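K.L.:
Questions regarding the structure given below will be posed in turn.
The values are calculated or read from the model by the stated rules, or taken from the named source; none is laboratory data. This structure is a prediction, so every number in the text was calculated from the model and none was measured. Heads up, the Cβs are rebuilt from the backbone with ideal geometry, glycines too, and the neighbour counts pull from every protein chain shown.
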Amino acid sequence: EDQVTQSPEALRLQEGESSSLNCSYTVSGLRGLFWYRQDPGKGPEFLFTLYSAGEEKEKERLKATLTKKESFLHITAPKPEDSATYLCAARATSGNTPLVFGKGTRLSVIA
Amino acid sequence: ETGVTQSPTHLIKTRGQQVTLRCSSQSGHNTVSWYQQALGQGPQFIFQYYREEENGRGNFPPRFSGLQFPNYSSELNVNALELDDSALYLCASSPQQGSGGRGYTFGSGTRLTVV
């Protein structure tokens with residue numbers, strides 16, 4: 001069964017304190033690994049797609065990396081506006097497979 | 001480009017009632033998926049529609065059903081509502097069954113509360 005596990009469940013950082021969020025996945029062939037940001041009461045907002053081990057993508061203070069078993073979302077010098085839940089989702093290669101989500105990491109950045 | 005719009009934004013229903021949620025897909029997208037997100041959990045896949053046909057379903061009972069219309073908009077219907085159906089219901093659209101680097105574009109969701 002395809003599965004995605006995120007850690008930690010919650011993370012509290014001081015403004016400027018860099019850290020990483022982890023996403024472990026088990027899927028039958030990876031078509032894509034997705035990162036989304038979700039604000040309270042809102043739908044997920046697309047951040048990145050990664051396709052193969054070794055791939056990296058960056059956007060402002062965020063950088064996503066991918067290995068054969070895990071993905072990391074690195075946050076450099078975070079600001080309070082980066083506070084949100086970050087969701088990781090995997091999509092398998094077989095058939096019309098949907099996104100399989102982890103439970104998310106709830107990030108709080110304190111000024 | 002227009003995004004994904006869902007209606008209503010909030011809804012309160014009584015256990016045993018039926019509910020219909022609506023979704024307009026992003027322009028150019030022909031695939032719509034529905035997800036259920038309970039509080040503190042990640043979204044769970046309900047089903048997917050491609051060109052008006054259901055072509056994928058998650059582990060949800062038959063009282064969860066849907067439709068997709070020729071303009072690719074979609075409805076999610078839930079019969080015999082239970083308290084555990086209280087959740088944020090997300091609609092996501094994509095071009096060609098999720099192909100493309102952005103995966104799925106999500107709407108802001110409908111918050112359903114069953115009392």
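K.L.:
Can we say A:ARG12 is part of a strand (DSSP E or B) and away from chain B (no Cβ under 11 Å)?
P.N.:
Spelling it out, A:ARG12 is indeed part of a strand (DSSP E or B) and away from chain B (no Cβ under 11 Å).
K.L.:
So, one more: Test each condition in (1) buried (at least 21 other Cβ atoms within 10 Å of the Cβ); (2) within 11 Å of another protein chain (Cβ to nearest Cβ) for A:LEU73 and report the one that comes out false.
P.N.:
Here A:LEU73 clears every test but (2).
K.L.:
Any idea which of B:THR31, B:THR9 is hydroxyl-bearing (Ser, Thr, Tyr) and surrounded by 14 or more Cβ atoms within 10 Å (Cβ to Cβ)? Please lay out each step first, then the result.
P.N.:
Numbers: B:THR9 fails: surrounded by 14 or more Cβ atoms within 10 Å (Cβ to Cβ).
Sole residue among the options that is hydroxyl-bearing (Ser, Thr, Tyr) and surrounded by 14 or more Cβ atoms within 10 Å (Cβ to Cβ): B:THR31.
K.L.:
So, one more: Specify the residue that is modelled with the lowest pLDDT; the eligible residues are those in region A:25-63 that are within 14 Å of A:VAL4 (Cβ to Cβ) and more than 11 Å from chain B (Cβ to nearest Cβ).
P.N.:
Here the residue is A:SER28.
K.L.:
Please enumerate the residues belonging to region B:36-58 that are at the interface with another protein chain (Cβ under 8 Å from one of its Cβ atoms) and either in a loop (DSSP other than H, G, I, E, B) or touching a Phe, Trp or Tyr at 6+ places or on another chain (Cβ under 8 Å) (or both).
P.N.:
B:GLY40, B:GLN41, B:GLY42, B:PRO43, B:GLN44, B:PHE45, B:GLN48, B:ASN55, B:GLY56, B:GLY58
K.L.:
Can B:SER93 be described as within 18 Å of B:THR31 (Cβ to Cβ), at pLDDT below 95 and among the polar types (S, T, N, Q)? Walk me through how you get there before you give the answer.
P.N.:
Working: within 18 Å of B:THR31 (Cβ to Cβ): yes; at pLDDT below 95: yes; among the polar types (S, T, N, Q): yes.
In short, yes.
K.L.:
Please find, within region A:78-111, the residue that is farthest from the other protein chains (Cβ to nearest Cβ) out of those that are assigned to a loop (DSSP other than H, G, I, E, B) and at pLDDT 95 or above. Write out each step before concluding.
P.N.:
Filtering region A:78-111 for residues assigned to a loop (DSSP other than H, G, I, E, B) gives A:78-79, A:83, A:93-99, A:102-104, A:111.
Now drop any that are not at pLDDT 95 or above, which leaves A:78-79, A:83, A:102-104, A:111.
Numbers: A:PRO78: 22, A:LYS79: 23, A:SER83: 16, A:GLY102: 5, A:LYS103: 5, A:GLY104: 6, A:ALA111: 25 Å.
The extreme case among them is A:ALA111.
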